[in-house]
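First the structure, in the form of structure tokens, and then the observations on it.
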Amino acid sequence: MGCGRTWTAAALLCLAGIAPSKTAGQTTQTPPEVPTPPIPPVIVEVPGEVPAAVAPAGTPTRERTYRSMPLTGGEKELRALFNPEQLALLEKLNRRDVPHLARAKTLVVPEEWLPDELLYSPLPLSWDWAAQHPKALVVHQPSQVFGAYEAGLLVRWGPVSSGREKNPTPAGLFHLNWRSKGRRSTDNPDWYMPWYYNFNTRRGLAFHQLELPGRPASHACIRLLERDAVWLYSWGQGWTLDESRRHVLTPGTPVLILETYDFAASPPWLSLDWLAAGIELPVEPPKS
């Protein structure tokens, strides 16, 4: 994945009749349409599965159909039913890494397996606010999901685990600041955070890799799957400081963290009705 996703998103927009924004260095040549046949599903019918209704066109998840699948055999059953690529998609849809997928009682499973994970995004493929920036990140806390945009086009999305109820992640507009391939927490040196990208220096908040249990569980940082954290480490743009390294000359990639998580409610991404609706992003970010 990575920058190769930009063409896929742009192609989808063109097919929908929407003209994507052009970035510097792009040509106006339209790439040929390449059909992408679906990967045959390996899932068998399981009693108790509930099919979802087909939703109207819009964000990619509205074009997909899903089912709720009971899981009783743990990781052994998971690996018998799904190949590695399918497990990777299930991690995103269910907001759990594989070890925590194995502990789930019910999984959301697509009825059709397509090779591009962008086609399952609950976030829109284009976003006017993000089009104002070369790159932009959004974290939608109610949905526990992040999206990365280039010139307004979605290039990657994935699950997150934001701050737990006692340590919520603050909503608002931030920027990527500085990064480290690995860093120990100043609160507890036993907490090691791989692929660390700071977005709040005052509180020491960052994106980093750590387990995803299917709920907000961090101490206010934004946890990511390892592959997403590695990708963000390379893709994001950090700040530029002056010679004294005390003043910011140019802020890094904007990070918009939206809303708060409802700890009293069931995880919305497990609802087939929610999947049929997708996420509506604001035209402009809320005023801090």
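The values are calculated or read from the model by the stated rules, or taken from the named source; none is laboratory data. Bear in mind that the values here come from a model prediction, so they are computed numbers and not experimental data. Neighbour counts are summed over all protein chains in view; Cβ atoms, including those assigned to glycine, are modelled from backbone coordinates with ideal geometry. Protein only, heavy atoms only, side chains kept; ligands, DNA and RNA dropped before computing areas. Shrake-Rupley method; radii C 1.70, N 1.55, O 1.52, S 1.80 Å.
Peptide packing for 223-230, 115-122 was compared via the average number of neighbouring C-beta atoms within 10 Å per residue; ordered from the highest value, the list is 223-230, 115-122. Protein heavy-atom accessible surface, 1.4 Å probe, per residue over the range 117-233: 38 Å². For the range 152-221, the orientation-averaged shadow of the C-alpha convex hull comes to 5.5 nm² (one quarter of the hull surface). Among 143-154, 158-169, sorting by the average number of other beta carbon atoms lying within 10 angstrom of each residue, highest first, gives 143-154, 158-169. For the pair Phe263 and Ala102, label points projected 7 Å from Cα toward Cβ lie 2.9 nm apart.
Taking max minus min of the alpha-carbon positions on each principal axis, the range 135-269 gives extents of 49, 38, 25 Å, largest first. Amide hydrogen proximity for Val145: with H placed 1.01 Å from N in the peptide plane, the residues at 5 or more positions away or on another chain lying under 5 Å are His140, Val160.
Of the peptides 171-177, 247-253, 91-97, the order by per-residue mean of other Cβ atoms within 10 Å, starting with the highest, comes out as 91-97, 171-177, 247-253.
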